[in-house]
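What follows is one structure encoded as structure tokens, with my remarks underneath.
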Amino acid sequence: MKEGKGGHGGGDAVLLDEFSYPPPDRYIRAADGRAGAASILTGIAANHSTHTGKPIQIADLAPGLKRPDHPVMPANTDAVPMPPRG
């Protein structure tokens with residue numbers, strides 16, 4: 001394993017660069033606030049559903065919350081694009 005200079009084996013500089021100069025994320029792998037909210041609301045909806053025995057709609061818990069962005073999914077016959085190795 002390569003080890004960089006600085007704290008956490010060089011990882012600190014890499015993480016700080018991502019915050020300061022985020023690279024393009026064409027596969028939309030990084031979660032944004034909407035994705036975080038949707039994740040939390042999924043658990044809240046599950047708990048409410050368990051207690052009430054009824055289905056719970058996330059849209060009812062957080063009206064106006066926009067859905068997170070998702071990449072276009074390939075058809076099941078298409079090759080899955082992969083980022084270059086490097």
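Structure above, values below:
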quantity	calculated
Test: residue in the range 44-51 that is surrounded by fewer than 10 Cβ atoms within 10 Å (Cβ to Cβ) and touching a helix residue (DSSP H, G or I) at 6+ places or on another chain (Cβ under 9 Å)	no
Positions within the range 24-54 being within 25 Å of M82 (Cβ to Cβ) and assigned to a loop (DSSP other than H, G, I, E, B), in sequence order	P24, D25, R26, Y27, I28, R29, A30, A31, D32
Qualifying positions in the range 55-86 - among the aliphatic types (A, V, I, L, M), surrounded by 10 or more Cβ atoms within 10 Å (Cβ to Cβ) and either touching an Asp or Glu at 6+ places or on another chain (Cβ under 6 Å) or assigned to a loop (DSSP other than H, G, I, E, B) (or both)	I56, A62, L65
Whichever residue in the range 55-71 is within 30 Å of P84 (Cβ to Cβ) and not charged (D, E, K, R) and, among such residues, is modelled with the highest pLDDT	P68
Complete set of residues in the range 59-81 that are over 23 Å from D25 (Cα atoms) and touching a residue at least 24 places away in the same chain (Cβ under 8 Å)	A62
Test: residue in the range 40-61 that is under 15 Å from the mean Cα position of the chain (by Cα), of a type in the set (G, A, S) and on the phi < 0 side of the Ramachandran plot	no
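The values are calculated or read from the model by the stated rules, or taken from the named source; none is laboratory data. As the structure is a computational prediction, the values presented were derived from the model and not from experiment. FYI the Cβ positions are ideal-geometry reconstructions off the backbone, even for glycines, and counts take in every protein chain you see.
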